[in-house]
Amino acid sequence: MLCAVENPAPVPPDPVTPDAPGDVTFPLLTQRWLDLCFLHWPFAPGTVAPLLPAGTVPDTHEGVTYVGLVAFRMHRVGWLRLPGVPYLGSFPETNVRLYSVDGHGRRGVVFRSMDASRLIPVAMGRAAFRLPYLWARMRVRRTAAGTVAYTSTRRWPGPRGAYSRIEVRPGEPIGEPTALEHFLTARWGMHNAFFGGAAYLPNDHPRWPLHRAELLSCEENLIAAAGLPAPREAPVSVLYSPGVPVRLGRPARPAGLPTP
């Protein structure tokens with residue numbers, strides 16, 4: 001008679017740490033993330049849960065999860081240890097992202113949409129990694145008044161015309177981020193479907209140099225286009241960072257919650 005062997009229960013989430021818990025020794029991709037604007041809204045975990053990959057659940061801070069709208073410049077994406085590509089590897093990007101944790105306790109992000117202005121990287125990201133990249137007309141510019149403005153209008157695959165227009169004024173550096181600010185920014189991996197199954201893609205980078213920021217304007221429908229209720233209030237967290245160099249590791253499998 002054969003007896004079923006029970007899988008262990010999911011482990012508690014890893015601690016939130018401002019520094020990467022481990023180095024990516026053999027990077028799959030290298031890049032720089034520059035001029036980042038982080039906008040975040042609180043959401044009920046039950047609202048977000050159906051949008052996460054199988055094997056993950058919403059990651060929460062004090063019982064609340066968050067939806068992030070993150071606009072930035074991708075700079076010189078490179079494969080393996082090769083030098084970054086100057087033109088095709090450098091472009092504006094705006095992401096709608098959720099916060100996840102898997103059965104191994106690994107905290108990560110889940111991208112609901114990733115608007116970018118270079119068509120070839122968009123096509124490669126969709127085909128090779130099944131990431132929700134979308135081609136958009138985009139611009140990131142610094143104004144004479146010291147503000148940073150991000151604009152995006154979606155081209156393909158749709159919904160065509162989905163947009164965001166954000167302008168922030170970066171403020172003073174943050175000496176010690178709050179627990180929530182660490183939770184929203186110190187994310188050391190991504191959950192997604194890779195190569196036929198769920199996987200976790202780790203990353204490492206120096207500790208975030210964060211600044212408080214004043215949100216001057218925010219008009220967008222990217223969050224609603226990503227399948228979430230459109231926010232009715234101003235974001236509860238507005239942050240800016242000049243950026244960090246990043247290394248992304250190879251996907252680790254499995255990512256999911258143990259099943260009987």
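Can you tell me which residues in region 37-51 are surrounded by fewer than 22 Cβ atoms within 10 Å (Cβ to Cβ) and either closer than 28 Å to Ala136 by Cα or in contact with a helix residue (DSSP H, G or I) (Cβ under 9 Å, 6 or more places away or on another chain) (or both)?
Taking region 37-51 first, the residues surrounded by fewer than 22 Cβ atoms within 10 Å (Cβ to Cβ) are 41-47, 49-51.
The answer is Trp41, Pro42, Phe43, Thr47, Ala49, Pro50, Leu51.
Let me confirm something: among Val101, Val96, Val85, Val48, which residue is touching a residue at least 12 places away in the same chain (Cβ under 8 Å) and either over 16 Å from the mean Cα position of the chain (by Cα) or under 24 Å from Trp156 (Cα atoms) (or both)? Please lay out each step first, then the result.
Details: Val101 fails: either over 16 Å from the mean Cα position of the chain (by Cα) or under 24 Å from Trp156 (Cα atoms) (or both); Val85 fails: touching a residue at least 12 places away in the same chain (Cβ under 8 Å); Val48 fails: either over 16 Å from the mean Cα position of the chain (by Cα) or under 24 Å from Trp156 (Cα atoms) (or both).
Residue meeting the stated conditions: Val96.
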Selection over region 155-199 where residues are over 18 Å from Leu36 (Cα atoms) and small (Gly, Ala, Ser) yields a count of 9
It is to be established whether one or more residues within region 174-184 are crowded, with 20+ Cβ neighbours inside 10 Å, in contact with an Asp or Glu (Cβ under 9 Å, 6 or more places away or on another chain), in contact (Cβ under 8 Å) with a residue 40 or more places away in the chain and closer than 25 Å to Arg107 by Cβ.
yes
Show the residue pairs that are 6+ apart or on different chains and have beta-carbon atoms under 6 Å apart, the first residue being within region 211-229 and part of a strand (DSSP E or B), the second being of a type in the set (S, T, N, Q) and at pLDDT 95 or above.
Glu220/Ser164
Would it be correct to say that Pro18 is in contact (Cβ under 8 Å) with a residue 60 or more places away in the chain and surrounded by fewer than 20 Cβ atoms within 10 Å (Cβ to Cβ)?
yes
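Pull up region 55-87, narrow it to residues that are in contact with a Gly (Cβ under 6 Å, 6 or more places away or on another chain) and in a loop (DSSP other than H, G, I, E, B), then point me to the one that is surrounded by the most Cβ atoms within 10 Å (Cβ to Cβ). Spell out how you get there, then give the answer.
Within region 55-87, the subset in contact with a Gly (Cβ under 6 Å, 6 or more places away or on another chain) is 55, 76-78, 84.
Subsequent filtering for residues that are in a loop (DSSP other than H, G, I, E, B) retains 55, 84.
Details: Gly55: 22, Gly84: 18.
Among those that are in contact with a Gly (Cβ under 6 Å, 6 or more places away or on another chain) and in a loop (DSSP other than H, G, I, E, B), it is Gly55.
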Find the residue count for region 133-160, including only residues that are touching a residue at least 60 places away in the same chain (Cβ under 8 Å) and either out of contact with any strand residue (DSSP E or B) (no Cβ under 7 Å at 6 or more places or on another chain) or within 20 Å of Ala199 (Cα to Cα) (or both).
1
Hits in region 161-170 - residues which are part of a strand (DSSP E or B) and either free of Cβ contacts under 8 Å to residues at least 24 places away in the same chain or of a type in the set (Lys, Arg) (or both):
Arg165, Arg169
Check whether at least one residue in region 199-208 is surrounded by 19 or more Cβ atoms within 10 Å (Cβ to Cβ), at pLDDT below 95, aliphatic (A, V, I, L, M) and touching a strand residue (DSSP E or B) at 6+ places or on another chain (Cβ under 9 Å), and report yes or no.
yes
Return the only residue of Gly84, Gly125, Gly103, Gly89 being modelled with pLDDT under 95, touching a helix residue (DSSP H, G or I) at 6+ places or on another chain (Cβ under 8 Å) and not hydrophobic (A, V, I, L, M, F, W, C).
Gly89
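Scan region 32-49 for residues that are part of a strand (DSSP E or B) and either on the phi < 0 side of the Ramachandran plot or in contact with an Asp or Glu (Cβ under 7 Å, 6 or more places away or on another chain) (or both) and jot them down.
Quick first cut of region 32-49, residues part of a strand (DSSP E or B) only: 32-43.
Listed by number, the residues that qualify are Arg32, Trp33, Leu34, Leu36, Cys37, Phe38, Leu39, His40, Trp41, Pro42, Phe43.
The values are calculated or read from the model by the stated rules, or taken from the named source; none is laboratory data. From a predicted model like this one, the values you see are computed outputs, not experimental measurements. A quick note on method: Cβ atoms are made from the backbone with ideal geometry, for glycine too, and the neighbour counts reach across all protein chains shown.
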